[in-house]
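Some notes on the structure that comes next.
Computed from the coordinates by the stated procedures, all read-outs in this text should not be read as laboratory data. Bear in mind the structure is a predicted one, so any value in this text is a computation, not a measurement. Because the Cβ atoms are built from the backbone with ideal geometry, glycine has one as well, and the counts that use them run over all protein chains shown.
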């Protein structure tokens, strides 16, 4: 495991809360997504974007119960969902238990596909969002998403420009978990859920088709996503 310490608590007396983040960085991952997550967390720390909530992060190519011990949230970045789901170095049952026990999961793009109940027409996901199915689509580039009233917890404006790289559109039978929808038809799925947040056991999950960590990077959004899944904002 790489030891990428985002800050040193002893050198920052203004820290009021520390969140320990594990970022997957193994088979199937998109390196630019991992780098973007690291950059946005560093920006949040350096600019105090999340109001004295500081992020300490590590990366790991292995995800199991031992590796997850001591962390508050697991982020599965963009990449290849099929590789995530077939990788013997990723224990989906350990992820589910980790979240069910009160911890958190954020799945971005491939991580959203893998965390969903089912990838339509393809295969089952880990089921961290049991009411959510994902739909494969191939749009790459910027688009707009629209916040719902629930999504105002993480999004600071009604319309947000964000990057897509073949991430999922989503379907759900529970409209109360939708945080943002696609506001244009670049994906062909206008008004479909783009970001969903819900409970799993005692923990919380966010699945995001778009990439808040890629150009245009949105440290505020990613920070708020982490704070929401770790119950530091409600």
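So the values come out like this:
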{"read-out": "Filtered residues of the range 144-171 (kept if outside any helix (DSSP H, G or I) and buried (at least 21 other Cβ atoms within 10 Å of the Cβ))", "value": "145, 147, 154, 155, 160, 162, 163, 164, 167, 168, 169, 170"}
{"read-out": "Tally of residues being surrounded by fewer than 24 Cβ atoms within 10 Å (Cβ to Cβ), assigned to a loop (DSSP other than H, G, I, E, B) and in contact with a helix residue (DSSP H, G or I) (Cβ under 6 Å, 6 or more places away or on another chain) across the range 204-229", "value": "1"}
{"read-out": "Residues of the range 194-214 satisfying the condition of being without any contact (Cβ under 8 Å) to a residue 60 or more places away in the chain and more than 17 Å from residue 105 (Cβ to Cβ)", "value": "194"}
{"read-out": "Cβ-Cβ under 9 Å pairs, at least 6 apart or on other chains, the range 157-175 side at positive phi and touching a residue at least 24 places away in the same chain (Cβ under 8 Å), far side part of a loop (DSSP other than H, G, I, E, B) and surrounded by fewer than 14 Cβ atoms within 10 Å (Cβ to Cβ)", "value": "166/138"}
{"read-out": "Scan of the range 113-124 for residues that are in contact with a helix residue (DSSP H, G or I) (Cβ under 9 Å, 6 or more places away or on another chain) and within 16 Å of residue 201 (Cβ to Cβ), ordered by number", "value": "115"}
{"read-out": "Residues that are outside any strand (DSSP E or B), surrounded by fewer than 18 Cβ atoms within 10 Å (Cβ to Cβ), at positive phi and in contact (Cβ under 8 Å) with a residue 40 or more places away in the chain, drawn from the range 87-143", "value": "102"}
{"read-out": "Residue match in the range 44-65 (condition: in a helix (DSSP H, G or I) and closer than 23 Å to residue 166 by Cα)", "value": "no"}
{"read-out": "Tally of residues being within 13 Å of residue 179 (Cα to Cα) and either touching a helix residue (DSSP H, G or I) at 6+ places or on another chain (Cβ under 7 Å) or not in a strand (DSSP E or B) (or both) across the range 192-203", "value": "5"}
{"read-out": "Selection within the range 50-70 - within 21 Å of residue 155 (Cβ to Cβ) and surrounded by 19 or more Cβ atoms within 10 Å (Cβ to Cβ)", "value": "50, 53, 55"}
